[in-house]
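As structure tokens, the structure follows; a few thoughts come after it.
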Amino acid sequence: MTSRFTTAFSRGPALVTFVTAGDGPTAEILDALASGGADVIELGMPFTDPMADGPAIQAANLRSLDAGTTTADILALAKAFRARHPDVPLVLMGYANPMIRRGADWFADACKDSGIDGVICVDLPPEEDELAAPLRAAGVAPIRLATPTTDAARLPAVLDGASGFLYYVSVAGITGKQQAAQTSIEDAVARLKAATTLPVVVGFGVRTPEQAAAIARVADGVVVGSAIVEIVGKHGAEAAPHVEAYVRSLADAVHGARL
């Protein structure tokens, strides 16, 4: 199920990048992420009510939906990416409504057919996660989120059935607006790694190579999303080379922490 994840995280701390499907020239941007050194790529499914996302990703969702992006389009982007990049793990990230409206089994099979490695569903709590079992049966990793409010009593439920990696949302807030203090990140990562053998990646608010390197020295991976989405929003059809240059600066910092 997780062979691409295993390879990606076996080299040391990984750079995980996010972009919204259908916002700008997505295929070119996905290629730019891979060429820039991203180890894992998250492809966001646009949704009308992205409750965990800040202004940059909210705006990207609206641009994508206004352009008419459908689930079929997203799956086609994923399938074409897999053909071009057979070794880079690809994760769909989004909200329950677009994922389950045709049924969890249908979605899991569609992910498998498209070469998707994992799925992050932001608004399905573990107790109501109807996607996890079908995804596992299809060989797709259900990736779970932990937050600063996920205490010791709650964590086992979050980890139950999770695979791929554990995504630590480092702030109790929305994407792109703030970053947690490094000491709180270090404490949280240590606590999570004591409870699971899954790689622990840290996201929300990471923008600079320096921030990414600091987190990479204690975590298994670093997620950068809103800053990339802002580049796409600024440059539109010409975004790909700008994305690649920015991601390369992040990748150099994250991978330098392997030394």
**Message:** Step by step: first the residues of region 111-124, then only those that are in a helix (DSSP H, G or I) and either among the hydroxyl-bearing types (Ser, Thr, Tyr) or touching a strand residue (DSSP E or B) at 6+ places or on another chain (Cβ under 7 Å) (or both), then the one that is nearest to Leu159 (Cα to Cα). Which residue is that?
**Reply:** Cys111
**Asked** How many residues does region 34-54 contain that are in contact with a Gly (Cβ under 7 Å, 6 or more places away or on another chain) and either over 22 Å from Ser170 (Cβ atoms) or modelled with pLDDT under 95 (or both)?
**Response** 4
**Item:** helices (runs of 4 or more DSSP H) contained entirely in region 181-258, each with at least 1 residues that are charged (D, E, K, R) and touching a strand residue (DSSP E or B) at 6+ places or on another chain (Cβ under 8 Å)
**Value:** 182-193
**Asked** Is it the case that region 239-249 has a residue that's open to solvent by 10 Å² or more (accessible area, probe 1.4 Å), within 20 Å of Val19 (Cβ to Cβ) and modelled with pLDDT under 95?
**Response** no
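The rows are residues; the columns are (1) more than 23 Å from Ser64 (Cα to Cα); (2) over 17 Å from the mean Cα position of the chain (by Cα); (3) of a type outside the set (Gly, Ala, Ser).
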residue	(1), (2), (3)
Thr183	yes, yes, yes
Ala194	yes, yes, no
Val200	yes, no, yes
Glu210	yes, yes, yes
Ala216	yes, no, no
Asp220	yes, no, yes
Ala239	no, yes, no
Ala253	yes, yes, no
**Residue, surrounded by the most Cβ atoms within 10 Å (Cβ to Cβ), within region 69-124, restricted to residues that are modelled with pLDDT of 95 or more and among the acidic types (Asp, Glu)** = Asp117
**Request:** Please tell me if Leu166 is more than 28 Å from Ser35 (Cα to Cα) and among the hydrophobic types (A, V, I, L, M, F, W, C).
**Result:** no
**Message:** Test of understanding: among Ile215, Ile231, which residue is modelled with pLDDT of 95 or more, surrounded by 17 or more Cβ atoms within 10 Å (Cβ to Cβ) and touching a His at 6+ places or on another chain (Cβ under 8 Å)?
**Reply:** Ile231
**Ala172 vs. criteria open to solvent by 30 Å² or more (accessible area, probe 1.4 Å), modelled with pLDDT under 95 and not hydroxyl-bearing (Ser, Thr, Tyr)** = yes
**Prompt:** When region 125-158 is examined, which residues are found to be open to solvent by 30 Å² or more (accessible area, probe 1.4 Å), part of a helix (DSSP H, G or I) and not small (Gly, Ala, Ser)?
**Reply:** Pro126, Glu127, Glu128, Arg136, Pro156
**Subset of region 16-49 [surrounded by 24 or more Cβ atoms within 10 Å (Cβ to Cβ) and acidic (Asp, Glu)]** = Asp23, Asp39, Glu42
**Request:** Write out, first by first residue and then by second, each pair whose Cβ atoms fall under 6 Å of each other, whose residues are 6+ apart or on separate chains, and whose first residue, in region 130-150, is at positive phi while the second is part of a loop (DSSP other than H, G, I, E, B) and at pLDDT below 95.
**Result:** Gly139/Met1
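The values are calculated or read from the model by the stated rules, or taken from the named source; none is laboratory data. Quick caveat, the model's predicted, so the values are computed rather than measured. Virtual Cβ from ideal backbone geometry, glycine too; neighbours counted across all protein chains shown. To get the accessible areas, we keep the full protein, side chains included, count just its heavy atoms, and leave off ligands, DNA and RNA. Shrake-Rupley method; radii C 1.70, N 1.55, O 1.52, S 1.80 Å.
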